[in-house]
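Below is one structure; the comments refer to it alone.
The values are calculated or read from the model by the stated rules, or taken from the named source; none is laboratory data. Since the structure is predicted, the reported quantities are computational estimates derived from the model, not experimental observations. Cβ coordinates were reconstructed from backbone atoms using ideal geometry, including for glycine residues, and neighbour counts include every protein chain displayed.
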Amino acid sequence: VLIVYSLTSKEDVLFRCTVRQRYISPDTGTGHGGSHGNKDPGYAKNGNGTTYSKKPFPVLSFDYEHVRLPFEISLWVLLASLMKLGFHLIPRVSSIVPESCLLIVVGLLVGGLIKLVGEDPPVLESKIFFFYLLPPIILDAGYFMPIRQFTENLGTILMFAVVGTLWNSFFVGGLLYGVCQLEGHKLAYVDLLSCLLFGSIISAVDPVAVLAVFEEIHINELLHILVFGESLLNDAVTVVLYHLFEEYSSVGLITVTDVFLGIVCFLVVSLGGIVVGAIYGILAAFTSRFTSHTRVIEPLFVFVYSYMAYLSAEVFHLSGIMALIACGAVMRPYVEANISHKSHTTIKYFLKMWSSVSDTLIFIFLGVSTVAGPHQWNWTFVVATLIFCLVARVLGVVGLTFVINKFRIVKLTSKDQFIIAYGGLRGAIAFSLVYLLNPEHFPMRNMFLTAIITVIFFTVFVQGMTIRPLVDLLAVKKKQETKRSINEEIHTQFLDHLLTGIEDICGHYGHHHWKDKLNRFNKKYVKKCLIAGERSKEPQLIAFYHKMEMKQAIELVESGGGSKLPSALPSTVSMQNIQPKKPSQDRALPQLSKAREEEIRKILRTNLQRTRQRLRSYNRHTLIADPYEDGWNEMLIKRKKMKELEKKMNNYLTVPAPPPDSPTIARARLASDPQAWGLKSVTESIPTIKVDLASPQSPESVNVVDEFSKKGSQPKEEEGGLTMKVPSPAKQRKDKTPDEEPQQRLMRCLSDPGPAAEEEDEDEPFLP
Amino acid sequence: MGSFQSLPDDHQYRTLSQKTGFSLEQIAILHNRFKQLSQNEETLRRDDLKTIQDLESNPIRSQIIEAFFDSRNFQKEGVGSVEEIGFEEFLTVMSYFRAPPQHITEEQREEMRRAKLRFLFNMHDTDNDGTITLEEYRHVVEELLSRSGALGRETAKGIADAAMLEVASISVGPMAPDEFYEGITFEHFLKILNGVEIETRMHIRFLNMDATVLCK
């Protein structure tokens with residue numbers, strides 16, 4: 001029984017005839033772009049179909065073709081994500097084998113499975129790769145690029161990217177041509193230009209692979225930015241060489257003018273890409289200035305503008321990767337000043353999510369394509385390619401470092417050189433570029449494909465797996481996990497200004513001079529345009545400080561503690577320690593020795609804990625029914641507490657004591673105290689105990705009067721806490737010893753030095 | 001100290017070169033600059049440095065100028081500030097900004113690092129008591145933020161307090177509430193700037209300075 005239906009995307013299926021046609025999917029793969037072409041011409045609903053016969057109304061029907069495309073895409077994405085999930089659940093494997101290797105293996109398995117079933121496994125189609133899978137990864141990298149390190153090492157990175165890639169291409173291409181000629185019969189048809197083209201494709205270090213492997217090994221930032229920056233910037237070189245050789249391979253000849261034009265083209269491609277990216281970045285920054293009322297779509301602007309930058313660059317055959325990087329890097333400081341915190345988090349997480357999924361999909365598809373793609377194995381060619389690639393890389397790095405070190409202050413050691421050379425991984429970009437080659441112009445395309453896949457596998461598997469133990473073996477410096485402290489920030493800024501000043505004194509228009517000029521230009525003109533409102537004037541140090549405080553406040557809330565005041569301070573030292581000592585006001589207090597004080601505090605604390613347990617069970621019902629209490633005691637307690645609280649508040653606020661109020665008024669006053677942290681009053685019958693956290697910032701919190709001296713339990717310093725005192729009437733109730741206990745305990749808990757002393761006790765209020 | 005004749009003596013250059021580590025060409029270039037700044041006199045005064053136009057917009061201008069006149073930076077045992085300096089002192093202060101030479105042992109590197117950090121420390125510790133107190137630190141932060149106008153003042157205080165607390169907790173660890181942290185000593189200063197590679201960051205490229213490209 002066959003079912004056929006009209007597949008105009010807008011109209012719904014109204015009718016189903018009983019003819020189904022099996023589709024032969026074009027070998028561009030199932031579930032990829034272009035499958036909309038699988039539509040078949042709409043069949044007339046009723047009418048000339050001779051096969052039409054009335055059926056009972058189908059209650060349930062199976063209609064897979066309808067959703068085939070999105071369904072299969074979702075299946076792939078789901079598979080990729082589940083794989084990723086699975087790897088991290090098996091801890092041992094993920095620590096030995098990098099994720100990318102595992103994913104390729106999975107791809108191989110899946111491809112094998114599909115082939116077994118008899119279907120054609122999908123190949124990583126270049127269009128999909130370049131338009132959908134690559135941009136998120138690059139945007140993620142560009143948006144979070146550490147600009148400072150990047151610009152400091154820009155010269156080195158450019159040297160590696162441009163000169164290194166050129167060297168690699170010509171070395172590999174030239175030598176391969178030589179090998180092909182020498183080999184004779186099978187490879188003689190491979191001409192020089194094709195070899196050079198192949199060389200240029202394969203010599204580009206791949207950002208996806210580099211990111212995937214380097215992220216797991218946590219090497220120091222210098223090496224990371226060198227290899228990674230190189231992988232990004234060599235895109236321009238690759239684009240130019242690729243187009244150059246591809247254009248002229250059919251002609252078979254390149255003249256000097258072509259070479260010259262090629263150089264010009266390179267400049268145009270790279271600078272043009274950067275300019276396009278910068279323009280879109282500025283547009284995005286400008287748009288974000290006005291989004292204060294529509295916070296929800298802020299992330300969308302970031303993504304869409306960046307994607308447009310990429311596509312616009314691709315329109316002109318400029319370097320899309322550089323456009324994307326430039327866009328992200330340019331827009332970031334301004335956008336982050338404008339958007340809300342939630343949008344910032346959204347952007348971060350979306351980018352990470354997309355790039356992660358893309359990354360996974362790319363590697364899986366590499367595996368699948370290996371199974372699928374047409375292969376042509378040629379031992380000589382493949383082995384020669386592999387060897388030449390490695391040799392070229394090593395020679396290139398060593399030679400370039402020798403030149404570069406003459407200009408660098410921080411020299412690159414041989415360990416660094418080894419890591420740079422070893423980290424030159426090839427990946428999916430090379431594969432896709434070869435895949436794009438026209439088989440008519442390039443009859444050896446399949447051989448190229450095979451060779452590329454071999455090289456990719458080798459670099460990802462062998463180099464990817466061994467780089468981690470090698471890094472440990474060579475004791476390469478790892479990334480420092482320290483958070484940037486505010487001291488470092490202050491001194492770094494100070495140093496920048498100092499160096500600029502010294503340069504001015506020397507009369508030397510150096511690095512710092514121009515950087516300073518750029519910063520001032522930025523502050524004066526650009527920031528005013530692109531950042532909304534007040535924040536355009538906010539200096540970097542203040543912005544940094546606020547960010548840090550915010551982060552710590554969020555951490556505090558997330559860790560569930562309400563006990564410490566949110567502040568940008570580490571909790572081991574408090575403000576009293578660094579405030580210059582004020583001359584102590586004369587207080588009629590006994591000075592306790594430290595040991596005694598510690599002892600007293602310990603007593604108080606233990607009692608507080610016990611009291612807490614008792615107090616927890618107090619509520620309006622049990623308090624009354626409690627056998628220890630009776631109405632009179634309650635009232636006494638209440639009155640005493642009110643008196644204490646008044647007195648404490650007076651001292652705290654340093655105002656003269658008002659006449660003793662009725663408890664209600666006192667409670668009301670307390671309730672309006674903004675510093676009060678604790679319960680609102682439950683009922684009339686329950687005394688309200690409010691625990692005040694005197695802010696550590698106020699050295700004015702005066703110590704309480706000498707009633708304490710009677711009990712001898714006065715902690716000397718204002719540690720910022722509740723310094724409620726034990727009222728003297730407690731002494732009078734010595735006759736009521738059995739009843740005294742809970743009251744004493746209550747008293748004692750009130751005289752506890754305060755929450756700063758113990759952390760875990762304080763996360764619940766005293767009374768439920 | 002060490003006033004020179006108007007024609008630089010080769011021998012004097014050589015002694016300077018040995019003392020500060022500059023090469024002879026670098027010393028000649030710097031001497032030209034010195035003469036230009038001091039209007040061909042033997043000594044340099046604060047006003048001469050204040051005439052440099054590009055220095056106007058620098059927020060820590062006065063501290064930089066002070067550093068040149070601070071005897072502690074002359075590598076002799078002096079204290080206090082002087083009114084005018086000769087070429088030798090000028091060169092000595094400049095030598096703090098040299099890059100570390102190519103082949104250098106660990107101790108020499110450490111020594112260089114300490115010297116540079118000592119220079120920085122002296123810039124902050126204006127009253128020369130060996131510690132950077134909270135007031136001095138606040139002053140530093142205020143100067144850094146001095147271009148931002150009124151909103152800088154209160155936040156500067158907050159930032160300086162936070163920074164000081166950080167130093168205290170890193171250097172001293174948990175403190176009882178009545179202990180008092182006097183100020184950042186040089187050792188603590190070294191500790192907090194441990195992550196910053198001072199010996200490579202604090203340098204000016206003297207290599208290709210062209211005497212003709214001098215700013216006014």
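Could you please find all residues in the range B:119-133 being surrounded by fewer than 17 Cβ atoms within 10 Å (Cβ to Cβ) and either basic (K, R) or touching a Phe, Trp or Tyr at 6+ places or on another chain (Cβ under 9 Å) (or both)?
Let us first name the residues in the range B:119-133 that are surrounded by fewer than 17 Cβ atoms within 10 Å (Cβ to Cβ), namely B:127-130.
The one that is surrounded by fewer than 17 Cβ atoms within 10 Å (Cβ to Cβ) and either basic (K, R) or touching a Phe, Trp or Tyr at 6+ places or on another chain (Cβ under 9 Å) (or both): B:G130.
Regarding the range A:580-601, can at least one residue be identified that is of a type outside the set (D, E, K, R), closer than 25 Å to B:E142 by Cα and at pLDDT below 80? Spell out how you get there, then give the answer.
Narrowing the range A:580-601 to residues of a type outside the set (D, E, K, R): A:580, A:583-585, A:588-593, A:595, A:600.
Then drop every residue that is not closer than 25 Å to B:E142 by Cα, which leaves A:580.
Subsequent filtering for residues that are at pLDDT below 80 retains A:580.
Yes, the range A:580-601 contains at least one residue that is of a type outside the set (D, E, K, R), closer than 25 Å to B:E142 by Cα and at pLDDT below 80.
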Check your understanding: If you go through the range A:455-468 one residue at a time, do you hit one that is within 19 Å of A:Y177 (Cα to Cα) and away from every other protein chain (no Cβ under 14 Å)?
Key -> yes
Exercise for review: Restrict the check to the range A:325-346 and report whether at least one residue is touching an Asp or Glu at 6+ places or on another chain (Cβ under 7 Å), within 17 Å of A:K551 (Cβ to Cβ) and in a helix (DSSP H, G or I).
Suggested key: yes
Check your understanding: Mind checking which pairs have a first residue in the range A:350-361 that is farther than 12 Å from A:A212 by Cβ and a second that is of a type in the set (D, E), Cβ under 6 Å, 6 or more apart or different chains?
Key -> A:L351/A:D140
**Study point:** Long-range neighbours under 9 Å by Cβ, at least six apart or interchain, first residue away from chain A (no Cβ under 14 Å) and in contact (Cβ under 8 Å) with a residue 12 or more places away in the chain within the range B:57-80, second of a type in the set (D, E) and assigned to a helix (DSSP H, G or I)
**Key:** B:F74/B:E88; B:F74/B:E89
Practice item. Quickly run through the range A:477-529 and pick out the residues that are farther than 30 Å from A:K415 by Cα, exposed (fewer than 13 other Cβ atoms within 10 Å of the Cβ) and more than 10 Å from chain B (Cβ to nearest Cβ). Key: A:W514, A:L518, A:F521, A:K524, A:Y525, A:K528, A:C529
**Study point:** Matching residues in the range A:498-524 - criterion: being of a type outside the set (D, E, K, R) and touching a residue at least 12 places away in the same chain (Cβ under 8 Å)
**Key:** A:L499, A:T500, A:H512, A:H513
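Checking the structure you have, find out if any residue of the range B:5-21 is more than 27 Å from B:V140 (Cα to Cα), among the acidic types (D, E) and at pLDDT below 80. Let's see the steps before the verdict.
Residues of the range B:5-21 that are more than 27 Å from B:V140 (Cα to Cα), as a first pass: B:5-21.
Within this subset, residues satisfying the condition of being among the acidic types (D, E) are B:9-10.
Next, only the ones that are at pLDDT below 80 stay: B:9-10.
So far as the range B:5-21 goes, yes, one or more of its residues are more than 27 Å from B:V140 (Cα to Cα), among the acidic types (D, E) and at pLDDT below 80.
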Review point. Buried (at least 21 other Cβ atoms within 10 Å of the Cβ) and either free of Cβ contacts under 8 Å to residues at least 40 places away in the same chain or basic (K, R) (or both) - does that describe any residue in the range A:253-264?
Key: no
Point to revise | Close pairs from the range B:124-138: first facing chain A (nearest Cβ under 9 Å), partner assigned to a strand (DSSP E or B) and surrounded by 13 or more Cβ atoms within 10 Å (Cβ to Cβ), Cβ under 6 Å, at least 6 apart | key: B:H124/B:I132
Check your understanding: Given the structure, is B:S81 modelled with pLDDT under 80 and surrounded by 18 or more Cβ atoms within 10 Å (Cβ to Cβ)?
Key -> no
**Study point:** Looking only at the range B:41-50, and only at residues there that are surrounded by fewer than 17 Cβ atoms within 10 Å (Cβ to Cβ) and without any contact (Cβ under 8 Å) to a residue 12 or more places away in the chain, the one that is nearest to B:K116 (Cα to Cα)
**Key:** B:D47
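Can you tell me which residues in the range B:113-123 are within 13 Å of chain A (Cβ to nearest Cβ) and farther than 16 Å from B:K76 by Cα? Write out each step before concluding.
Taking the range B:113-123 as the starting set, the residues that turn out to be within 13 Å of chain A (Cβ to nearest Cβ) are B:116-117, B:119-123.
B:L117, B:L120, B:F121, B:M123, listed by residue number.
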Study note, to complete from the structure: Exception for A:V462 within (1) over 22 Å from A:L192 (Cβ atoms); (2) surrounded by 19 or more Cβ atoms within 10 Å (Cβ to Cβ) falls at (2)
